[in-house]
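Q: This structure is in structure tokens; I'll ask about it shortly.
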Amino acid sequence: MKRILIANRGEIALRIIRALREYGYFSVLAYSEADRDSLPVKLSDAAICIGPASARGSYLNIPAIISAVEITGCDAVHPGYGFLAESPQFARVCMDAGIIFIGPSPEAMEKVGDKSVARAVAKNAGVPVVPGSNGFVSSKDELFKLAKEISFPLILKAAAGGGGKGMRIVQSFSELENSFDTASNEAKTAFGNSKLYLEKYVSEPRHIEIQFARDKFGNCVSLFERECSIQRKHQKLLEESPSSFVSPKLRKELSEAALAIANQVDYVGIGTAEFLVTQEEKFYFIEINARIQVEHPVTEMVTGIDLVELQLIIAEGKPIPFSQDDVKITGHAIECRINAEDPRNNFCPSPGKVTQFIPPCGPGIRCDSHLYSGFEIVPYYDSLIAKVISYAPNRERAINRMQRALYEMTVEGISTTIDFHMEVLKNAFFRKGDYYTNFVQRRMGIK
């Protein structure tokens, strides 16, 4: 690989551009008309417009992206996260066109991308899953029959996609039919796939994920866990590594489960296995994210391993340059996702011009952001505008360091979630590490 097209935008596009420059690759950014003045466009080695503001006409437009690869002479595509990052169709089109797709094979992606299929894969690998439907729910008759067998509370989930779209918690039979219709329609709109599956809803779990990597030689390593339990409506808001809850024994068990699934599907690339973990340390597999994660920086900080570089190494067909014994956790890292949203108005998106942006700096602080003063945040895409990551020798200092960083951070002209994160960080339950996926609702009173 020499020239790599980045089929994405925002902070992840900029993160990839920086990695490519460090490791000697030529970066080409594919951008929409709405992102013409974005920082990734300004900082990439070259850039090419692939369509209008709508994601469907640009970042989800496979023919336009393939044309951009051919026009600019690229030999590989990095999809980032979101958009086409987990599209087997896109990966297969790239492969058929002789373009290296920096991610797993379309076959592996198909096996882990559909949650109902991934559940079957996990079962075959001997990994426990939450009780639920064996595949997607094909009819409402089946829905009611399964609900009776599994018992409430239940959760409906979109078979394709993620990010909380197409999800509904159901407490009784009276809610079931309406929740099914609503979740199905939402899944159809978000992912072009209305299929749902049904699971037992696990109350007050931890959401723990394992970062893993596997090369074409079958070398498979765990980069250990991230705690992702601070959520709102199934959307992650804050992540940390290591988890204050995970014991060495549980870490080993979760890692072994993640690697078993990766080996089962002959996964090649980096990926994340997500689990629900009960207070008694019993865990259940949820899904595999076949891409780089938004929260990858916390793993980079505590392991010292550059995950984008690792993606490039594996995509070039080289072996992972370290063994499991080489992976160590040192210190503690926390990431706050800063969104252009108004927490006082039900987290309503807040597009507009950023009149002033001062990123946080100083010891142990990393800020991944595509913002600059005068930048116009458009309403067409995800509201994430920055990720602030703190790193320190221990969790208490990492929290204190994050508080200092957010106090310094200035974003004027729009509403942001900075103050919301400050409230999380000073909460006594969070500081003790005593929190679960319902923390925002239960401890902060936010729906």
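Q: Quick one: is K140 surrounded by fewer than 17 Cβ atoms within 10 Å (Cβ to Cβ), of a type in the set (D, E, K, R) and touching a residue at least 12 places away in the same chain (Cβ under 8 Å)? If you could, list the steps in order and put the result at the bottom.
A: Values: surrounded by fewer than 17 Cβ atoms within 10 Å (Cβ to Cβ): yes; of a type in the set (D, E, K, R): yes; touching a residue at least 12 places away in the same chain (Cβ under 8 Å): yes.
Criteria met by K140.
Q: Also, I was wondering about something else. Would you confirm, using the coordinates I've provided, whether G82 is closer than 26 Å to L156 by Cα, over 19 Å from the mean Cα position of the chain (by Cα), at pLDDT below 95 and in a loop (DSSP other than H, G, I, E, B)? Before the answer, list the steps.
A: Working: closer than 26 Å to L156 by Cα: yes; over 19 Å from the mean Cα position of the chain (by Cα): no; at pLDDT below 95: yes; in a loop (DSSP other than H, G, I, E, B): yes.
Spelling it out, it is not the case that G82 is closer than 26 Å to L156 by Cα, over 19 Å from the mean Cα position of the chain (by Cα), at pLDDT below 95 and in a loop (DSSP other than H, G, I, E, B).
For (1) buried (at least 20 other Cβ atoms within 10 Å of the Cβ); (2) in contact with a Lys or Arg (Cβ under 9 Å, 6 or more places away or on another chain); (3) over 30 Å from T410 (Cβ atoms), each residue gets a yes or a no:
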| residue | (1), (2), (3) |
| --- | --- |
| Q311 | yes, no, yes |
| I314 | yes, yes, yes |
| P321 | no, no, yes |
| I338 | yes, yes, no |
| N345 | no, no, no |
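Q: Under 7 Å between Cβ atoms, which residue pairs at least 6 apart in sequence (or on different chains) link something in region 53-76 that is modelled with pLDDT of 95 or more and of a type in the set (G, A, S) with a partner that is in a helix (DSSP H, G or I) and surrounded by 18 or more Cβ atoms within 10 Å (Cβ to Cβ)?
A: Sorted first by the residue in region 53-76, then by its partner, the pairs are A53/A34; S58/A64; A76/A315.
Q: Ok, one more. How many residues are part of a helix (DSSP H, G or I) and either surrounded by fewer than 20 Cβ atoms within 10 Å (Cβ to Cβ) or of a type in the set (A, V, I, L, M, F, W, C) (or both) if we restrict to region 295-309?
A: Just the residues of region 295-309 that are part of a helix (DSSP H, G or I), to begin with: 296-303, 307-309.
Adding the requirement that they be either surrounded by fewer than 20 Cβ atoms within 10 Å (Cβ to Cβ) or of a type in the set (A, V, I, L, M, F, W, C) (or both) leaves 298, 301-302, 307-309.
Matching residues across region 295-309 total 6.
Q: Considering A158, A91, A108, which residue is closer than 26 Å to L384 by Cα, crowded, with 19+ Cβ neighbours inside 10 Å and at pLDDT 95 or above?
A: Unique residue meeting the criteria: A91.
Q: Pick out the one residue from I314, I334 that is within 24 Å of Y267 (Cβ to Cβ), in the same structural domain as F275 (by TED's automatic domain parsing), among the hydrophobic types (A, V, I, L, M, F, W, C) and not in a loop (DSSP other than H, G, I, E, B). Outline the logic, then answer.
A: Working: I334 fails: within 24 Å of Y267 (Cβ to Cβ).
After applying the criteria, what remains is I314.
Q: Is it the case that region 203-219 has a residue that's surrounded by fewer than 19 Cβ atoms within 10 Å (Cβ to Cβ) and hydrophobic (A, V, I, L, M, F, W, C)? Step through it out loud before you land on a result.
A: Keep residues of region 203-219 that are surrounded by fewer than 19 Cβ atoms within 10 Å (Cβ to Cβ), which gives 203-204, 216-219.
Narrowing the set further to residues that are hydrophobic (A, V, I, L, M, F, W, C) leaves 217.
Within region 203-219, one or more residues are surrounded by fewer than 19 Cβ atoms within 10 Å (Cβ to Cβ) and hydrophobic (A, V, I, L, M, F, W, C).
Q: Of all strands (runs of 3 or more DSSP E) completely enclosed by region 116-226, which ones contain at least 2 residues that are over 21 Å from S255 (Cβ atoms)? Full working, then the answer.
A: Details: elements: 154-158, 168-170, 196-200, 206-214.
Where strands (runs of 3 or more DSSP E) fall fully within region 116-226 and carry at least 2 residues being over 21 Å from S255 (Cβ atoms), they are 154-158, 168-170, 196-200.
Q: Which strands (runs of 3 or more DSSP E) does region 352-432 wholly contain that include 2 or more residues that are under 23 Å from the mean Cα position of the chain (by Cα)?
A: Here the list reads 365-369, 384-392.
Q: Would you please name the residue that is farthest from Y380 (Cα to Cα), looking only at residues in region 21-63 that are part of a helix (DSSP H, G or I) and in contact with a Leu (Cβ under 9 Å, 6 or more places away or on another chain)?
A: We begin by selecting, within region 21-63, every residue part of a helix (DSSP H, G or I); these are 21-22, 33-35, 39-43, 55-57, 62-63.
Subsequent filtering for residues that are in contact with a Leu (Cβ under 9 Å, 6 or more places away or on another chain) retains 21, 35, 39-41, 43, 62.
On the way: R21: 28, D35: 10, L39: 17, P40: 17, V41: 17, L43: 22, I62: 18 Å.
Filtering region 21-63 for residues that are part of a helix (DSSP H, G or I) and in contact with a Leu (Cβ under 9 Å, 6 or more places away or on another chain), the one farthest from Y380 (Cα to Cα) comes out as R21.
Q: Select from region 333-364 the residues that are without any contact (Cβ under 8 Å) to a residue 60 or more places away in the chain, of a type in the set (V, I, T) and under 14 Å from I418 (Cα atoms) and list them in ascending order.
A: Hit for region 333-364 is I358, nothing else.
Q: Please go through region 4-45 and pick out each residue that is among the basic types (K, R), closer than 17 Å to L310 by Cα and either touching a Ser or Thr at 6+ places or on another chain (Cβ under 7 Å) or free of Cβ contacts under 8 Å to residues at least 60 places away in the same chain (or both). It would help to see each step written out before you state the result.
A: Taking region 4-45 and keeping what is among the basic types (K, R), we get 9, 15, 18, 21, 36, 42.
Next, only the ones that are closer than 17 Å to L310 by Cα stay: 15, 18, 21.
R18, R21, listed by residue number.
The values are calculated or read from the model by the stated rules, or taken from the named source; none is laboratory data. Remember, predicted model here, so these are calculated numbers, not experimental data. A quick note on method: Cβ atoms are made from the backbone with ideal geometry, for glycine too, and the neighbour counts reach across all protein chains shown.
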